[in-house]
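Report on one structure; see the data block that follows.
The values are calculated or read from the model by the stated rules, or taken from the named source; none is laboratory data. Computed from a prediction, not measured in an experiment: that's the story for all the values here. So basically every Cβ, Gly included, is an ideal-geometry build from the backbone, and we count neighbours across all protein chains shown. Protein only, heavy atoms only, side chains kept; ligands, DNA and RNA dropped before computing areas. Shrake-Rupley method; radii C 1.70, N 1.55, O 1.52, S 1.80 Å.
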Amino acid sequence: MAYTAEHCARARKDFPALQRASGGSELAFLDGPGGSQVPRCVIEAIEDFYASCNVNTQGNFPPSREVDRRIQVARETLAVFLGAAGPQCISFGQNMTTLSFSLSTAIGRTLKSGDEVLITQLDHEANRSPWLRLADRGVLVREVLMTPSGQLDAADMAAKISDRTKVFALGASSNALGTVNDLALARRLTRQVGALLVLDAVHYAPHFPVDVQALDPDFLLCSAYKFYGPHVGVLYSRPGALEKLPTDRLSTQDPKAPYRIETGTLNHAAIDGARAAVEYIAGWGTGTSLRARIVDAMSAISAYEHELARSYFEAVRRLPGVRVWGPDFAKAATRAPTVSITLDKVTAPQAAAALGAQGICVWDGNFYAARAVELLGLEQRGGLLRTGFSMYNTHAESQRLLTAIAEIV
C-alpha cells in the first residue's frame, strides 16, 4: 500500500490529542522523537483493562486468568512486530532505560577486568551510562567516534572491535540527528570476535520495519510510547541469550526467559496498550498475516514520513541564519524523519518557546544524546531545535513550522 495525505487525514481523526487547541491555535505535535500521541484504540484498551481485569497475574480466578491471557497476547504481538521467533523473546519493563540498566548489570557480572565494552559518541545516554559504569569493575569502555556530519566513523568502529571486545552497545538510529547506523557492519564485526551486540532501537522502531532475525542482535530494546503506545519498555532477547545472564530478580521469580529480567508487578494495562498500538499500526497495512500487515504499514508510513522530513530539511536549510545538523537526505542511504537545526541569533530554547507559544510543539536541548551535542559544540547554546515527523503529521504543519522559523530568524 501507499500511505498518502488522504490516509493521514483519516488517521488524524483517531488521535484525540490532535483535536485540541492551545491559546486559540491548533496544536501541531512535531515532537515524535520525544514521544508520539496515542490513538483512541490504545486509550480504550487501557481503560478496558482497568474496568474489567485490574488484578494481579497467576491467580485461580477469571479476572486474573484474563490478565495472564492479555500479557501473553501482548508478548506474541510485540514478537511479531519485531520479527522475533516467539513470545519467549519479549520481556517488558518500566522503560527502555530501566531495562538497559538491568541488562548491563547482568552482562557486567559475566565480564572480568580487562574486558572491553564498545559504545558510541552518537548514542542516547540510556545506551551509554549503563555501560560506562562497568568501568568500576575494571572493564574498559571505549567509544566509536562520531564524524562532524553526525555519522559513526566506520573505520574507527572496525579498529576498536577486537578479541577483547565482549559487548557492542549501538543505537540503531540517532534521536538527535536522524542518523541510521550500519547495523550489518556492526553485526559482522561483533560476530568475528564473539561479542554481544546490543541495539537501542527506540528511535528506529517507530519509523522502520524491524526484523530481529535479519538484524541478528543478541538484545534489542525499544519503547512503545514512541510508536503510538503508552510508556512501556520492550526487550528482545535472542533465544537462549537471556538464560545465560545472572539477572537481578527475586527468588520467587520464574528464572526462564522472558521473565528472568522482569522485576515486580509490571504495568499490565500499559502492556495491553502496547499490544493495541501494534495492532493499530497493522490496521494500515495489507496482507494475510499480522506480520505482513505490520511490514506493509510500516514501510508505507516510513516513506510518507521520510518525504515530509526531506521536504522540510531542504526548505529549512535555505533560510538565512539557519544551520541543519545531521546527514544530508540526498547522501544518506537511510535516514530517520528527524531534523535538527540551530539558529544564528536565537538559542534553541528561545526558538522552542516562541514556537510553543504558537501551538507548535518541537523539542530543544540535547535529548539525552549529550555526548553528541557536546562534541558538536552546541551545549552552551542550548543544544538543538529538533523536529520529528510521525504518521499523523501533515505538509501544512511543516509549512506552518517553516513560516514560524522564518519569522523568528
Practice problem: Sum -39500 (n - 2.57) across every DSSP H segment of at least 4 residues in the chain, then divide by the residue count to get the 222 nm mean residue ellipticity, nearest 500. | Solution: -11500 deg cm²/dmol
Quiz item: Of the residues 125, 66, 279, which exhibits the maximal mean-square fluctuation in a Gaussian network model of the chain defined by a 10 Å Cα contact cut-off?
Solution: 66
Practice problem: Starting from 0 in steps of 10 Å, tell me what percent of the Cα-Cα pairs of the range 46-197 lands in each bin. | Solution: 10, 30, 30, 16, 12, 2
Practice problem: May I ask you to compute the full-extension gain from residue 65 to residue 214, defined as 0.36 nm times their residue separation minus their alpha-carbon distance, rounded to one decimal in nm? | Solution: 50.2 nm
Quiz prompt | Accessible surface, 1.4 Å probe, highest first, among residues 14, 218 | solution = 14, 218
Quiz item: Which value, in Å³ per residue, describes the convex hull spanned by the Cα atoms of the range 183-310?
Solution: 128 Å³
Quiz item: Taking the mean number of other Cβ atoms within 10 Å as a proxy for protection, how do you rank 323-334, 201-212 from highest to lowest?
Solution: 201-212, 323-334
Practice problem: Between 199, 355, 220, find the one with the highest GNM mean-square fluctuation for the chain; connect C-alpha pairs within less than 10 Å. | Solution: 355
Quiz prompt | Förster-model FRET efficiency, 30 Å R0, residue 403 and residue 1, C-beta, rounded to 0.05 | solution = 0.40
Quiz item: By a straight-distance test (C-alpha under 27 Å), which lysines pair with residue 331 as possible cross-link partners, with residues fewer than eight away in the same chain excluded?
Solution: 160, 226
Quiz item: Classify the range 149-258: rounded, prolate or oblate, from the alpha-carbon gyration tensor (a ≥ b ≥ c, eigenvalue square roots; a/c under 1.5 rounded; otherwise prolate if a/b is larger than b/c)?
Solution: oblate
Quiz item: What are the extents of the Cα atoms of the range 17-102 along their three principal axes, listed from largest to smallest and rounded to whole Å?
Solution: 52, 31, 24
Quiz item: Using a ≥ b ≥ c from the Cα gyration tensor of the range 210-259 (square roots of the eigenvalues), is it rounded, prolate or oblate, where a/c under 1.5 gives rounded and otherwise the larger of a/b and b/c decides, a/b for prolate?
Solution: oblate
Quiz prompt | Contact order normalised by residue count of the chain, Cα under 8 Å, 6+ apart, percent | solution = 23 percent
Quiz item: According to the Cα gyration tensor, what semi-axes, each the square root of 5 times an eigenvalue, does the equivalent ellipsoid of the chain have, listed from largest to smallest in whole Å?
Solution: 33, 29, 18
Quiz item: Taking the chain as a Gaussian network, where each spring joins two C-alpha atoms under 10 Å apart, which residue of 19, 350, 380 fluctuates the most?
Solution: 380
Practice problem: Before anything else, pin down the relative contact order of the range 1-138: Cα pairs under 8 Å, at least 6 apart, normalised by residue count, whole percent. | Solution: 11 percent
Quiz item: With all protein chains present, how much of the accessible area of the range 266-409 (probe radius 1.4 Å) comes from carbon and sulfur, to the nearest whole percent?
Solution: 52 percent
Quiz item: Using the reciprocal of the averaged 1/r over all distinct C-alpha pairs, how large is the Kirkwood radius of the range 254-409 in Å?
Solution: 18.1 Å
